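Step one of this worksheet: look at the structure below.
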Amino acid sequence: MKIKLFYFALLLSIFAFSCKPYSRDNNDNNQDVDEQDTTQSSFNNNDVDFEFAFVSSNKYIVLEADADTAISTGKAYSPIGYADYRYSAVRDISADFVPSEYQNIVGKTVLVSTKAGDVFEVKITSVKMIADCIPHFGTVQTWDGYLDGNKYTDAQKAAQIWNMGDHFVVAEFETSEQIDDEIVFAVPDNDIKPFVYPSSDKNSEKVAMRQRILDGLSGTKIFNNYQNMYVEYDDTGQKWWNNSDIYEVFSFIETKPNEIYVALYQALGNPCGGEYFYTAFSVSKFRTDGLIETMYLTEQGFDLVLAIDYNGDGELEYIVDNFYGKRILIFLGEPDWVNKFEWTIPFLDCPC
């Protein structure tokens, strides 16, 4: 179970992507990211081929956001809790109302990948509509009968999820294999399998790299702003935010010979009732001499970080989740990163 302190650590990121990330090159120049429009539906509407799509509830490929509920039929059913407090419910879409761009996808096979990087071939069986959200924990306790012993039926839970959630057209899929890990994304079924880079433990070499990252961040605009706020509350006498309280190396990977990337989450302060709390996330590309060649930096934290190559081009991408209902596929550009594919659901829970 994740630590509630860490959940609130991500409070600053609930609207994080309305803030401009920064990148830092070797000349210590901070630049705004050249953000492109993010893509809600990653399917090509002309031929139904697709490049990348997020997966909900381990059974639905997300095709389209802001779905018109008028094309769904019947009552919501099949409530599912998945992936750390996300919940979904589903409604059918009659064949006559399936959007034209998705009418030919039933029967197609696609590849899905888990967080651990296991890849499975699955078959699309139908087009449906789901509601997805992160409900308040008190709502979930009510469903489970925690307060009065009266448990909700699946139909009652599904009805509430449908009313609380955002709605998406999805492709339901099936497989004969047992998949226990969370399925995160889907790609076309072709000769190229997606790859998830394994995370590494924090050994002495990586701790040393972490310190070099912290040293490199000290001159950035984000950290200077944090420092100016921190000195107003500091009672330790050090008068400097040293980022030492909490950290997590999400990935330490060698994508090509002598090309190493390190993703780092940092936070300082007390998120529950404290006077200050700051977070930051960075991806640093190291040179062969151990110095940082390129740094990507944003003023937020992430609950899920996967380093992947989803299309076999040898380039590194990151899937990040801010715990507040937003998942994004980030491309690492030169010198900035780009938010390419995005999937957002309502966050209704308490962050602390």
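Output yes when any residue across region 128-149 is touching an Asp or Glu at 6+ places or on another chain (Cβ under 8 Å), surrounded by 13 or more Cβ atoms within 10 Å (Cβ to Cβ), within 30 Å of LEU316 (Cβ to Cβ) and not polar (S, T, N, Q), and no when none is.
yes
Can you pull out every residue in region 78-107 that is of a type outside the set (A, V, I, L, M) and over 26 Å from the mean Cα position of the chain (by Cα)?
Matches in region 78-107: ASP92, SER94, ASP96, PHE97, PRO99, SER100, GLU101, GLN103, ASN104, GLY107.
Given PHE97, PHE137, which one is at pLDDT below 95 and closer than 27 Å to ASP68 by Cβ?
Step by step, each of PHE97, PHE137 is checked, and only PHE97 is at pLDDT below 95 and closer than 27 Å to ASP68 by Cβ.
Exactly one of these conditions fails for GLU35: (1) modelled with pLDDT under 75; (2) closer than 11 Å to ALA186 by Cβ; (3) touching a Lys or Arg at 6+ places or on another chain (Cβ under 8 Å). Give me its number.
In the conditions (1) modelled with pLDDT under 75; (2) closer than 11 Å to ALA186 by Cβ; (3) touching a Lys or Arg at 6+ places or on another chain (Cβ under 8 Å), GLU35 misses (2) alone.
Looking at region 195-209 only, could you name the residues that are modelled with pLDDT of 75 or more and not hydroxyl-bearing (Ser, Thr, Tyr)?
PHE195, VAL196, PRO198, MET209
When you look at THR279, is it β-branched (Val, Ile, Thr), assigned to a loop (DSSP other than H, G, I, E, B) and modelled with pLDDT of 65 or more, yes or no?
Values: β-branched (Val, Ile, Thr): yes; assigned to a loop (DSSP other than H, G, I, E, B): no; modelled with pLDDT of 65 or more: yes.
Taking the combined requirement at face value, the residue does not satisfy it.
Go through region 69-91 and give me each residue that's surrounded by fewer than 17 Cβ atoms within 10 Å (Cβ to Cβ) and out of contact with any helix residue (DSSP H, G or I) (no Cβ under 8 Å at 6 or more places or on another chain).
Correct list: THR69, ALA70, GLY74, TYR82, ASP84.
Any idea which of LYS151, LYS123, LYS157, LYS75 is charged (D, E, K, R), under 25 Å from GLU342 (Cα atoms) and not assigned by TED's automatic domain parsing to the domain that holds ASN311?
Every option except LYS123 fails the conditions.
For region 57-66, name all the residues that are hydrophobic (A, V, I, L, M, F, W, C) and surrounded by fewer than 21 Cβ atoms within 10 Å (Cβ to Cβ).
ALA65
The values are calculated or read from the model by the stated rules, or taken from the named source; none is laboratory data. Note that the structure is predicted; figures quoted are calculated from it, not measured. With ideal geometry, Cβ positions are generated from the backbone for all residues, glycine too; neighbour counts draw on all protein chains shown.
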